[in-house]
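Below is one structure, written out as structure tokens; comments come after it.
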Amino acid sequence: MDKTVGILGGGQLGRMLAAAASLLNINVVILDVGDNGPAKQVVAPTSPRLAHIDGAFTDPVKIRELADKVDVLTVEIEHVDAGVLDEVQARLPLGVHPSPATIRVIQDKYVQKQHLAAHGCPLGEFIAVDATQESVRAAADKLGLPLMLKSRTLAYDGRGNFVIRDLAQIDEALSALGNRPLYAEKWVPFVKEIAVMVVRSSAGEVVSYPVVETVHKDNICHLVFAPFRSRDASVSARARQIAETAVQTLHGAGVFGVEMFLLENGSVYLNEIAPRPHNSGHYTIEACETSQYENHLRAILGLPLGSTALKVPSSAMLNLIGASDSMDEVTAVAQAALGVPGASVHLYGKAACRKGRKMGHITLVAPSDAALRARLRPLLAALPPSSS
Ligand code: ATP
Ligand code: MG
Ligand code: MG
């Protein structure tokens, strides 16, 4: 395990990757702005040569500097410069994972949808649009209202999405999404959102974690329930199959977060894929035999993958989202969790709290769904009124 992993980005996903790496004595070098972000806080360099790098994960000079120190490069965010990753790939003993080609496909959501459609993956309808009144109106004529207008690039937590419910909103939508390249999706009247974490080994073996239900609020993941429960037992098997098949169309090793919609008639559509550990997989740290973070490291280092099975009957993950510029509301929920059996508190050590920012999460495990609900209740009660 005497290997060094370079990570582009040093937020909470990098922090949890670094924590998993420390258990296997894998060295980690982080590239991000500042000396003390969430990931850098938890892993001290093992030698001066492996010092973390202060710089933007989008800066080609800094990416090359990182590549010179490590055996393999990976990312905690897909909004990176795929061209520079292409360039450094050849001189890295274990390469770049996910592959730069995969990052390029995924980081443009319209190209991602085209790719998935070309490979026969089930998707809602989508269409290219220009940032003009006429083009968006034509898309609404074709796909109907509400219309989901989306930025093709740099999207996260729904920032980049605009729901057009009335044609009179087109100007507002265009100004909200600015000068970004756009596309539109037909509204998917889903009954549930579900997700599957998929891992691909460097040898190309693909395995998946159990299906989870994700509950979003204001476009941000709020709660995750694992495993997903459904009267129709075929849903989970189909969702895992769809997720694994979709990941098989992409290249490179590592973990992929596959977001999906479940429709009233039982069909499952893909929403989008993240080429990295994912918020909907945080629960795996406490609830599965191998966490998504450890399996990501195993995959990119060519080590055998670990079991993805649940090791508890029931689990949930509650995101701790900033309610204001103060940490007080987040701290109150974390405090409440300290008194709940089966609750594990994760605080990310971010320098400042902001409304809508992910500041931490709590994982709950329980011997039954009923016990899980009972354990969740005091946590939901401790949330600030606007977000419970
Ligand atoms: P993430 O933080 O997961 O990367 P994102 O900014 O890329 O999010 P999406 O996943 O595209 O955004 O959409 C955010 C949420 O908006 C989805 O989880 C879903 O609740 C809703 N949504 C997205 N597309 C559609 C659609 N076509 N029809 C209905 N709802 C949608
Ligand atoms: Mg996204
Ligand atoms: Mg999403």
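The values are calculated or read from the model by the stated rules, or taken from the named source; none is laboratory data. Everything numeric here is computed off the predicted structure, so don't read it as measured data. Note that each Cβ is placed from the backbone with ideal geometry, even for glycine, and that neighbours are counted across all protein chains shown. These area figures cover heavy atoms from the full protein model, side chains too; ligands, DNA and RNA do not enter into them. Shrake-Rupley method; radii C 1.70, N 1.55, O 1.52, S 1.80 Å.
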Checklist entry - Take the residues of the range 179-210 that are surrounded by 24 or more Cβ atoms within 10 Å (Cβ to Cβ) and within 13 Å of ligand 1 (Cβ to nearest atom): which is farthest from Met260 (Cα to Cα)? => result Leu182
Checklist outcome for this item: Heads up, the helices (runs of 4 or more DSSP H) in the range 216-300 (entirely inside) with at least 3 residues that are within 16 Å of ligand 2 (Cβ to nearest atom) and at pLDDT 95 or above are 234-248
Item to check | the range 247-275 residues that are under 18 Å from Ser291 (Cα atoms) and away from ligand 3 (no atom under 15 Å from the Cβ), paired with ones that are outside any strand (DSSP E or B) and among the aliphatic types (A, V, I, L, M) (beta carbon under 8 Å, 6 or more apart) | outcome: Ala253/Ala299; Ala253/Ile300; Gly254/Ala299; Gly254/Ile300; Val255/Ala299
Checklist entry - For the subset of the range 43-58 comprising residues that are farther than 10 Å from Gly10 by Cβ and under 22 Å from the mean Cα position of the chain (by Cα), which member is modelled with the lowest pLDDT? => result Thr58
Checklist entry - What is the one condition in (1) within 14 Å of ligand 1 (Cβ to nearest atom); (2) within 30 Å of Leu250 (Cβ to Cβ); (3) among the charged types (D, E, K, R) that Asp130 does not satisfy? => result (1)
Checklist entry - Mind checking which pairs have a first residue in the range 128-149 that is touching a residue at least 12 places away in the same chain (Cβ under 8 Å) and closer than 16 Å to Gly178 by Cα and a second that is assigned to a loop (DSSP other than H, G, I, E, B) and open to solvent by 60 Å² or more (accessible area, probe 1.4 Å), Cβ under 8 Å, 6 or more apart or different chains? => result Ala131/Asn179; Ala131/Arg180; Ala131/Pro181; Met148/Trp187
Next on the checklist: What's the total number of residues in the range 237-257 that are buried (at least 20 other Cβ atoms within 10 Å of the Cβ) and in contact with a Lys or Arg (Cβ under 9 Å, 6 or more places away or on another chain)?
Outcome noted: 8
Checklist entry - When the range 54-102 is examined, which residues are found to be basic (Lys, Arg) and surrounded by 17 or more Cβ atoms within 10 Å (Cβ to Cβ)? => result Lys62, Lys69
Checklist entry - Considering the range 146-165 alone, what residues qualify as being open to solvent by less than 80 Å² (accessible area, probe 1.4 Å) and more than 16 Å from ligand 2 (Cβ to nearest atom)? => result Pro146, Leu147, Ile164
